[in-house]
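The values are calculated or read from the model by the stated rules, or taken from the named source; none is laboratory data. Computed from a predicted structure; not experimentally measured. We place every Cβ from the backbone using ideal geometry, glycine too, and count neighbours over all the protein chains shown.
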Amino acid sequence: MCRAVAVANQKGGVGKTTTAVNIAYDLAAMGKKVLLIDTDGQCNSTDTCRARVDGVATLYDLLFEHEKPEECIQHMEAIDVIASDKLLKNPETKFPDDAGRLFTMSGACEGIRQMYDFIIIDTPPTLGCMLSNALTFADEVVVPVTCDRYGMEGINDLYLTIDAAKRYTNPSLRVTGVLLNKYKERTTLCREISNALPEVLEMFGTKVFETKIRECEDCKKAQSARMGIQEYNPECTTAKDYWMLCGEIIRRQA
Ligand SMILES: Nc1ncnc2c1ncn2[C@@H]1O[C@H](COP(=O)(O)OP(=O)(O)O)[C@@H](O)[C@H]1O
Ligand SMILES: [Mg+2]
């Protein structure tokens with residue numbers, strides 16, 4: 001059965017795109033059939049996966065122009081991609097002004113579920129209608145947070161958004177886990193955050209992934225080179241961490 005996993009946090013720079021792209025590639029390398037949907041108008045994951053934005057049908061066409069899903073899927077070497085679109089940079093006004101507003105994406109994408117083992121959804125850095133649409137369609141959410149002083153800032157607001165989705169549009173939505181990213185083992189701050197986190201998250205009824213994604217320069221370089229970290233340098237810490245994380249995601253199915 002397909003698992004649609006949204007990678008969400010309204011904070012920018014926490015590693016949503018990095019996580020979405022790398023778990024998509026790693027799950028594919030583990031033999032899963034994977035679709036990546038980029039819902040962020042900045043098109044970062046579309047670009048990293050080398051999918052096209054111009055001259056092709058994008059998520060915009062799927063959501064707002066009644067384009068067929070099959071026409072919007074780009075078949076890349078390892079994964080399939082539905083590209084984002086610069087027209088989605090300010091999507092609030094595009095969604096219908098009625099009760100169906102939050103169901104636009106699930107309505108348009110429901111039919112493609114059966115084609116995949118995993119649908120990974122990269123989301124924008126805002127608590128807007130696009131994120132709520134993604135949370136209405138998704139089965140699960142992965143929440144990356146950075147290990148720094150402000151890493152947990154805004155996490156309450158994200159949980160309110162996830163909670164609203166659970167209450168109003170998607171009762172079976174669950175948080176697969178919170179993911180510590182840019183982890184630096186030897187810093188006290190990182191250890192403190194890592195130690196304090198489980199208690200904080202218990203309040204919300206969720207868990208922290210055992211796997212932490214360590215900070216590594218190659219991660220940035222891979223993004224610049226428009227490559228997955230496994231392909232760029234399979235020996236680096238981030239590559240090993242994302243591989244472990246995917247094992248954990250697969251095991252957390254139960
Ligand atoms: N584990 C990591 N180690 C080093 N750099 C990272 C790591 N995770 C993400 N980055 C870098 O941080 C920046 C923001 O990451 P990105 O995935 O684009 O965040 P978001 O999508 O949440 O805005 C990028 O330059 C990315 O390469
Ligand atoms: Mg991003």
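Every condition in (1) at pLDDT below 95; (2) within 20 Å of the chain's Cα centre (by Cα); (3) among the small types (Gly, Ala, Ser) is met by residue 99 except one, and the failing one is (2). With the condition kept exactly as written, say whether any residue in the range 164-181 is within 16 Å of ligand 2 (Cβ to nearest atom), modelled with pLDDT of 90 or more, under 17 Å from residue 213 (Cβ atoms) and buried (at least 17 other Cβ atoms within 10 Å of the Cβ). Yes, there is a match, as at least one residue in the range 164-181 is within 16 Å of ligand 2 (Cβ to nearest atom), modelled with pLDDT of 90 or more, under 17 Å from residue 213 (Cβ atoms) and buried (at least 17 other Cβ atoms within 10 Å of the Cβ). Residues being in contact with a Ser or Thr (Cβ under 6 Å, 6 or more places away or on another chain) and within 16 Å of ligand 1 (Cβ to nearest atom) are entirely absent from the range 196-212.
Tell me yes or no: at least one residue of the range 93-101 is closer than 26 Å to residue 47 by Cβ and among the acidic types (Asp, Glu). No, there is no match, as no residue in the range 93-101 is closer than 26 Å to residue 47 by Cβ and among the acidic types (Asp, Glu).
Selection of first residues in the range 114-129 that are among the aliphatic types (A, V, I, L, M) and of second residues that are assigned to a helix (DSSP H, G or I) and within 11 Å of ligand 1 (Cβ to nearest atom), restricted to Cβ pairs under 8 Å at least 6 apart or on distinct chains, gives the following pairs, ordered by first then second residue: 120/20; 121/20.
Sub-8 Å Cβ pairs linking a first residue in the range 38-53 that is modelled with pLDDT under 95 to a second residue that is among the aromatic types (Phe, Trp, Tyr), at least 6 apart or interchain, number zero.
In the range 139-163, what count of residues is obtained for those that are surrounded by fewer than 16 Cβ atoms within 10 Å (Cβ to Cβ) and either among the polar types (S, T, N, Q) or not in a loop (DSSP other than H, G, I, E, B) (or both)? Looking only at that region, the number is 4. The residues in the range 183-226 that are assigned to a loop (DSSP other than H, G, I, E, B) and closer than 22 Å to residue 140 by Cβ can be counted, and the count is 8.
Each row is one residue, and each column tells you yes or no for (1) surrounded by 23 or more Cβ atoms within 10 Å (Cβ to Cβ); (2) of a type outside the set (A, V, I, L, M, F, W, C); (3) in contact (Cβ under 8 Å) with a residue 24 or more places away in the chain.
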| residue | (1), (2), (3) |
| --- | --- |
| 74 | no, yes, no |
| 88 | no, no, yes |
| 98 | no, yes, no |
| 105 | yes, no, yes |
| 108 | no, no, yes |
| 137 | yes, no, yes |
